[in-house]
Amino acid sequence: MQQLLLDPALRNWVLLPIMFVMILIGVLRHNATILLQSSPKRLTKEEIREQRLLQRAFSFRNNACFLLPDSIEKRKDFLVDALRSGKYLKPADPNAPKNLNPMMDDKTLENLMESMKGNMLMVVPQTIIMTWINEFFSGFIILKLPFPLTYQFKSIFQSGVATQDLSIQWVSSISWYFLNLFGLKSVYALLLGENNMASNAENEMGMAGFSLTAATSQTIQPGQDIAKLMRLESENVQIVGKNSLLEDVESRILKQFF
Amino acid sequence: MEKNIQPFVTESAVHNERVVSFIRNMTLSVFGCSAGILGITSYHGVLFYLFSYLFVSFLIFMMKMGGNVREYYQPGPNFWYAKVLEGAPSFVLFWTLFYSLVYVYE
């Protein structure tokens, strides 16, 4: 087993500073992402009305079993009528240009900008730090991995030190960068709370948060016809069954207590 | 109909999962520190990781869930093996850090 003696100055000036810098950059990225998020768009009253009607029909379908049977009937009639008749539709704007190209629609452009901003904020700090490390911290060994790896990693992990016999467990600072990149998620979770923008979990959060805001603030594809959606929804509402949870509730409650 | 009498609330399930994930991340990082200090190397480290993962899951199972996984986590057996590799990068980071600090430097 090779034993190398490393200078404690390496620990003080390389190991701990790199970790410290990466933690700080992560916190910075989290705050920058929050600050750069644009405020939610304002919708007009008519647009909100039509979306709210669709949401109402959707939640009726999901939760109809909690209502009394004649309440279900009444709501069904009202919803089917409202969806079919188009009373709630936004009045057609004669000035709005016909969007033949759904890609150039305003809303899709804004979504693209948001996701691009997110990507840039992830990529740019990583590139900068990698360049900084390769510039200033190359050419020496700072770390010993407790586990062995195969020879292919030698060129990546021992980038500055080109020796033949040095076991793969001795690595240079670029591998410390990679270890930090993947391993600091728990530190960010501790410092910033769980939904932080600094870890890679933001990618999944981006998808999930995206679909939630998409459902509430705007329809799914802006090019889709709201009237068509309403017709589909009215057919779905019509097939809501009459099962209500409240039908046999007296016997069930009595069974619980006796 | 049975599903609606005891409905599956998505918010609670997500919250539970987040709490479990947070606990696992924290404790596995600390176990990584202890692995480094103890001087564990190579495949012993993998065994130690699995052991600590099962230990933490067992503690959550006994103390927080009272022995009943299905009430708090859907579907039940996924709690034990679905996210085994989630805490691995943090474990490896702290393991390497403390191993080097204690055994390689003066």
>> So for the range A:122-133 (the condition being of a type outside the set (K, R) and farther than 16 Å from A:I25 by Cβ), does at least one residue qualify?
In response: no
>> Please go through the range A:232-244 and give me each residue that is in contact with a helix residue (DSSP H, G or I) (Cβ under 7 Å, 6 or more places away or on another chain) and more than 14 Å from chain B (Cβ to nearest Cβ), ordered by number.
In response: A:E233, A:S234, A:N236, A:V237, A:Q238
>> Would you confirm, using the coordinates I've provided, whether B:Y72 is farther than 30 Å from A:E247 by Cβ, surrounded by fewer than 11 Cβ atoms within 10 Å (Cβ to Cβ), aromatic (F, W, Y) and more than 11 Å from chain A (Cβ to nearest Cβ)?
In response: no
> Does B:R24 fit the bill of being of a type in the set (D, E, K, R) and in contact (Cβ under 8 Å) with a residue 60 or more places away in the chain?
Replying inline: yes
> Taking the range B:45-69, which residues are within 15 Å of A:P146 (Cβ to Cβ), surrounded by 15 or more Cβ atoms within 10 Å (Cβ to Cβ) and not hydroxyl-bearing (S, T, Y)?
Replying inline: B:G45, B:F48
> For chain B, list the helices (runs of 4 or more DSSP H) that sit wholly inside it and hold at least 3 residues that are polar (S, T, N, Q); which are they?
Replying inline: B:10-38, B:42-59
> Across the range B:87-103, which residue is nearest to the other protein chains (Cβ to nearest Cβ) among those that are surrounded by 21 or more Cβ atoms within 10 Å (Cβ to Cβ) and under 17 Å from A:W13 (Cα atoms)?
Replying inline: B:S100
> When you scan the range A:10-108 for helices (runs of 4 or more DSSP H) that lie fully inside it, which ones turn up with 2 or more residues that are more than 29 Å from the chain's Cα centre (by Cα) and either at pLDDT 80 or above or basic (K, R) (or both)?
Replying inline: A:16-36, A:69-85
> Filtering the range A:116-157 down to residues that are among the charged types (D, E, K, R) and surrounded by 13 or more Cβ atoms within 10 Å (Cβ to Cβ), which residue is nearest to A:I168 (Cα to Cα)?
Replying inline: A:K154
> Can you name the condition, by its number, that A:T131 falls short on among (1) out of contact with any helix residue (DSSP H, G or I) (no Cβ under 9 Å at 6 or more places or on another chain); (2) within 12 Å of another protein chain (Cβ to nearest Cβ); (3) at pLDDT 85 or above?
Replying inline: (2)
> If you scan the range B:31-59, which residues turn out to be farther than 12 Å from B:V84 by Cα and away from chain A (no Cβ under 11 Å)?
Replying inline: B:F31, B:C33, B:S34, B:I37, B:L47, B:F55, B:F58, B:L59
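The values are calculated or read from the model by the stated rules, or taken from the named source; none is laboratory data. Everything quoted here is computed from the prediction, not taken from an experiment. With ideal geometry, Cβ positions are generated from the backbone for all residues, glycine too; neighbour counts draw on all protein chains shown.
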